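Shown next, in structure tokens, is the structure this report addresses.
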Amino acid sequence: MATDLEQARQSIGGLSVESVTETGEGRRDMVVNMGPQHPSTHGVLRVVLDLQGENIVGTDVQIGYLHRGIEKLSEARTYTQVIPLTDRTDYTAAMTGNQGLCVAVERLMELEVPPRGRYIRTMIAELQRLASHLIWLGTHAMDIGAATVFLYCFRERERILDFFEAFSGARLTYSYYRVGGVAGDAPPGILQQIYEFTNYFVDRLAENEELLTGNDIWLARTQGVGIISAEEAVAIGLTGPSLRGSGLAYDIRKAEPYEAYADMDFEIPVFPDGDVFARYRVRIEEMKQSVRIIRQCIEHMPDGPVNVQDSRVTPPKREVAMTHMESMINHFMWNIHSFPTPKGEVYSAIESPKGELGYYIVSDGSNKPYRLRIRPPSFCNLQALPLLVRGQMIADVVACIGSIDIVLGEVDR
Amino acid sequence: MAYMTWFERRVIGRLQVRLGPNRVGIGGLLQPLADALKLFFKEDVRPARADRILFPLAPAISLFAALAAFAVIPFGPTTRIAGVEVPGGIANLQVGLLYLVGISSLGVYGLVLGGWSSGSKYSLIGGLRAAAQVVSYELILGLALVSVALVAGTLSLEGVVGGQANGLPYVILQPVAFLLYLVAAVAETNRAPFDLPEADTELVAGYHTEYGGMRFAMFFIAEYVNVITVSALAATMFFAGWSGPFLPGPHWLFIKMLAFLFLFVWLRATLPRLRYDQLMRLSWSVLLPLALINLLATAVVVAVTR
């Protein structure tokens, strides 16, 4: 029964996934509902699997269980007030959510963040990439049965969260970035600690790699599984490490450098195979590159202010606001109304740990976005799942979900 | 048996840079008791679509088979107490090995029926996986043990130990059989990396997804009893069981068993899980031919030398 709906469901981005009824002699033994309450769908993802024995003949990915209307809520909030909402999109990498918004608003307002601010932001973003990839590695390994790696990864991530706590006071929803800079300068001594951490981290990463990269069972479970070609990946809109696992060296940090990435010396790891193992290798290598970037940031950390010195977005200094009437009024106005942005629209994308995180803002000249649209990498990457699992087995579904590294908070927003 | 869970959780805790249970009692020693109590007092939930008779029966079959299999493991030599012959184990059968393999394959009925009667798809897939896996690896387990039995010339477990007590342990005479046995034993007991029937990240909990309270506990205990049985059997068949210098029999068996139990836990902490088809391919196209060749070679050597 190939209805139009069925066909529409099976055809994604001009590519058609073989429909349930047309493969496997038209036989389908069982429909299994994986999720939304399932240990390895990484949140509340629901995948309806058509099975023929243990083989998958059709997939139907259903989302929306974590929709909170973040884009709509943003329309009633000032730009500064939107920042905490962005924490709740990709909650495993809240810093990059903040960053995406701030970079977009800065581009809209044509603000230039001072060098120290840019370096701190770059360093934080790379630490966040490490933390996010650690969660990915841990859960991905656990999905495939290696439970120990999960605990090792969380041990390392804990250290990174300690740093974030020192910077922002929070361990999950940081709201550390601000339009034109960051909430506060780095606490004294922390840069040295982070540098020492990178040394420790490299050792620990090697330990995790030892458990997986050379492990025959791990190779058997990941090599040749969930293959997506470069053409298909581009057609789907796959970005980030998942795209680079298909052999395309596209990284926004290199393609359109933002923050301080233009000053940094790093490589984009690319693996051509397009399978789960290639995506795994990309992320592992990416962590090593992130460590390089963090070290460069610390070594070349410039002095100076961390926030842009622009009266439009920077609140007046406290001592001035307490002594001058006009500054006092300015201070009140800033806190109540925040700052208006020029009329216009902007799309700006950053390389989040999961891929291209884009913010599209339409401004009507007020202090709130008229429309704010988030282009979440997880949402677009999730589209690849039916392509990845075609012809695979049940056990491969969890490996494939893990390999595209999705976060449902970002998929549904 | 219950202390196996404590042992496993403490060891795996250590391997995973955490502590494991240490709150209930000294060093968490009362934890298994607390767990058992909790499970005992839990509500007995039966899904609406579950089979009325088979659903409660399945865990009982599993537990029965596991406990019955354990009965023939000899802990020490047969002794005479007040003129009565007291066997070193619970029972000393002449066909102990045959009995053990037979009874332990009964256990798979528990898994299959449990998976089928739950009326849940995850359970069903888990049950099917369990059936296919246990049946495949049962063969290899059996063939590996038969090679040893050929060398020992007896099916009585006590006889096997007796044969090793005076000579070499059979692990040296039958290294291939030992490795085959080890792999098959891990698969037979559904332990990592062959824990597909209850792969929690794929099938929620496999065949016992729908079971709770004491019924779940019965499956759980059965699994651990099986682990202990195969460890004890490995010690008996390949490492001369209870025989050893200085210490009395049961101590030696316990030490050797503990080494195997540690190996089981260690494997679980280290290895990822195989996929269903890979598991089957390993069994039928690698291990089975190897087991047959080993058996044939053993038979020829035994026939020539005897």
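If I filter region B:25-33 for residues that are within 20 Å of residue B:216 (Cβ to Cβ) and open to solvent by 40 Å² or more (accessible area, probe 1.4 Å), do I get at least one hit?
yes
This table checks each residue for (1) modelled with pLDDT under 90; (2) away from every other protein chain (no Cβ under 14 Å).
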site	(1), (2)
A:97	yes, yes
A:111	yes, yes
A:119	no, yes
A:123	no, yes
A:127	no, yes
A:132	no, yes
A:145	yes, no
A:152	yes, no
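Could you tell me which residue of region B:111-146 is nearest to residue B:178 (Cα to Cα), considering only residues that are more than 12 Å from every other protein chain (Cβ to nearest Cβ) and not in a helix (DSSP H, G or I)?
Among residues in region B:111-146 that are more than 12 Å from every other protein chain (Cβ to nearest Cβ) and not in a helix (DSSP H, G or I), the one nearest to residue B:178 (Cα to Cα) is B:118.
Please state which one of A:257, A:269 is in a loop (DSSP other than H, G, I, E, B), closer than 27 Å to residue A:411 by Cα and out of contact with any helix residue (DSSP H, G or I) (no Cβ under 7 Å at 6 or more places or on another chain).
A:257
Condition check ((1) open to solvent by less than 60 Å² (accessible area, probe 1.4 Å); (2) in contact with an Asp or Glu (Cβ under 9 Å, 6 or more places away or on another chain); (3) hydrophobic (A, V, I, L, M, F, W, C); (4) within 30 Å of residue A:225 (Cβ to Cβ)) across all residues:
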site	(1), (2), (3), (4)
A:257	no, yes, no, no
A:273	no, no, no, yes
A:276	yes, yes, yes, yes
A:284	yes, yes, yes, yes
A:296	yes, yes, no, no
A:300	no, yes, no, no
A:309	no, no, no, no
A:317	no, no, no, no
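Quick one: which of B:41, B:64, B:55 is at pLDDT 80 or above and either at positive phi or in contact with a Ser or Thr (Cβ under 7 Å, 6 or more places away or on another chain) (or both)?
Answer to the check: B:55.
Tally time: how many residues in region B:258-274 are open to solvent by less than 30 Å² (accessible area, probe 1.4 Å), more than 16 Å from residue B:178 (Cα to Cα) and in contact with a Lys or Arg (Cβ under 8 Å, 6 or more places away or on another chain)?
The total comes to 3.
Among the residues of region B:233-240, is there at least one that is more than 14 Å from chain A (Cβ to nearest Cβ) and over 24 Å from residue B:162 (Cβ atoms)? Spell out how you get there, then give the answer.
Quick first cut of region B:233-240, residues more than 14 Å from chain A (Cβ to nearest Cβ) only: B:233-240.
Those left that are additionally over 24 Å from residue B:162 (Cβ atoms): none.
Scanning region B:233-240 turns up no residue that is more than 14 Å from chain A (Cβ to nearest Cβ) and over 24 Å from residue B:162 (Cβ atoms).
Going through region B:286-306 one residue at a time, which ones are without any contact (Cβ under 8 Å) to a residue 12 or more places away in the chain and either crowded, with 19+ Cβ neighbours inside 10 Å or within 14 Å of another protein chain (Cβ to nearest Cβ) (or both)?
The one that is without any contact (Cβ under 8 Å) to a residue 12 or more places away in the chain and either crowded, with 19+ Cβ neighbours inside 10 Å or within 14 Å of another protein chain (Cβ to nearest Cβ) (or both): B:286.
Wholly within region A:351-407, which helices (runs of 4 or more DSSP H) include no fewer than the required count, namely at least 1 residues that are hydroxyl-bearing (Ser, Thr, Tyr) and within 14 Å of chain B (Cβ to nearest Cβ)? Walk me through how you get there before you give the answer.
Working: elements: A:377-382, A:385-389, A:394-404.
Answer list for region A:351-407: A:394-404.
Taking the criterion of being closer than 27 Å to residue A:38 by Cα and at pLDDT below 80, would at least one residue in region B:145-154 satisfy it?
No, the conditions are met nowhere in region B:145-154.
What pairs come up if the first residue lies in region A:209-236 and is more than 11 Å from chain B (Cβ to nearest Cβ) and free of Cβ contacts under 8 Å to residues at least 60 places away in the same chain, the second is surrounded by 21 or more Cβ atoms within 10 Å (Cβ to Cβ) and assigned to a helix (DSSP H, G or I), and their beta carbons are under 6 Å apart, counting only those six or more places apart or on different chains?
Once the first residue is more than 11 Å from chain B (Cβ to nearest Cβ) and free of Cβ contacts under 8 Å to residues at least 60 places away in the same chain and sits in region A:209-236, its partners that are surrounded by 21 or more Cβ atoms within 10 Å (Cβ to Cβ) and assigned to a helix (DSSP H, G or I) give A:223/A:277.
Tally the residues that are open to solvent by less than 40 Å² (accessible area, probe 1.4 Å) and part of a helix (DSSP H, G or I), restricting the search to region B:210-232.
Residues meeting the conditions: 13.
Name the residue, out of A:195, A:152, that is more than 30 Å from residue A:215 (Cα to Cα), aromatic (Phe, Trp, Tyr) and either out of contact with any Phe, Trp or Tyr (no Cβ under 6 Å at 6 or more places or on another chain) or open to solvent by less than 10 Å² (accessible area, probe 1.4 Å) (or both).
Result: A:195 is the single residue among A:195, A:152 that is more than 30 Å from residue A:215 (Cα to Cα), aromatic (Phe, Trp, Tyr) and either out of contact with any Phe, Trp or Tyr (no Cβ under 6 Å at 6 or more places or on another chain) or open to solvent by less than 10 Å² (accessible area, probe 1.4 Å) (or both).
Is it the case that residue A:129 is closer than 23 Å to residue A:314 by Cβ and of a type in the set (D, E, K, R)?
no
If you go through region A:18-38 one residue at a time, do you hit one that is under 30 Å from residue A:133 (Cα atoms) and either more than 14 Å from chain B (Cβ to nearest Cβ) or modelled with pLDDT under 70 (or both)?
Our first condition is that a residue be under 30 Å from residue A:133 (Cα atoms); within region A:18-38, this holds for A:32-38.
In the following step, the residues that additionally are either more than 14 Å from chain B (Cβ to nearest Cβ) or modelled with pLDDT under 70 (or both) were identified as none.
No, region A:18-38 contains no residue that is under 30 Å from residue A:133 (Cα atoms) and either more than 14 Å from chain B (Cβ to nearest Cβ) or modelled with pLDDT under 70 (or both).
From A:342, A:305, A:316, grab the single residue that is touching a Pro at 6+ places or on another chain (Cβ under 6 Å) and in a loop (DSSP other than H, G, I, E, B).
Going through A:342, A:305, A:316 in turn, the sole match is A:305.
Cβ-Cβ below 6 Å, separation at least six or inter-chain, first residue in region A:309-322 and outside the structural domain of residue A:336 (by TED's automatic domain parsing), second assigned to a loop (DSSP other than H, G, I, E, B) and at pLDDT 80 or above: which pairs?
Within 6 Å, no pair qualifies.
Of everything in region B:1-54 that's within 14 Å of chain A (Cβ to nearest Cβ), assigned to a loop (DSSP other than H, G, I, E, B) and without any contact (Cβ under 8 Å) to a residue 40 or more places away in the chain, which residue is nearest to residue B:66 (Cα to Cα)?
Residue satisfying both the conditions and the ranking: B:20.
Does residue A:292 fit the bill of being among the basic types (Lys, Arg), over 25 Å from residue A:200 (Cβ atoms) and in the same structural domain as residue A:131 (by TED's automatic domain parsing)?
no
Just for helices (runs of 4 or more DSSP H) wholly inside region A:79-191: which have at least 3 residues that are touching an Asp or Glu at 6+ places or on another chain (Cβ under 6 Å) and either free of Cβ contacts under 8 Å to residues at least 40 places away in the same chain or assigned by TED's automatic domain parsing to the domain that holds residue A:300 (or both)?
Details: elements: A:79-87, A:94-109, A:115-143, A:147-168.
Output list reads A:115-143.
The values are calculated or read from the model by the stated rules, or taken from the named source; none is laboratory data. These numbers come from a predicted model, not from an experiment. In this analysis, Cβ positions are derived from the backbone assuming ideal geometry, glycine residues included, and neighbour counts consider all displayed protein chains. Side chains included, ligands, DNA and RNA excluded: accessible areas come from the protein's heavy atoms. Shrake-Rupley method; radii C 1.70, N 1.55, O 1.52, S 1.80 Å.
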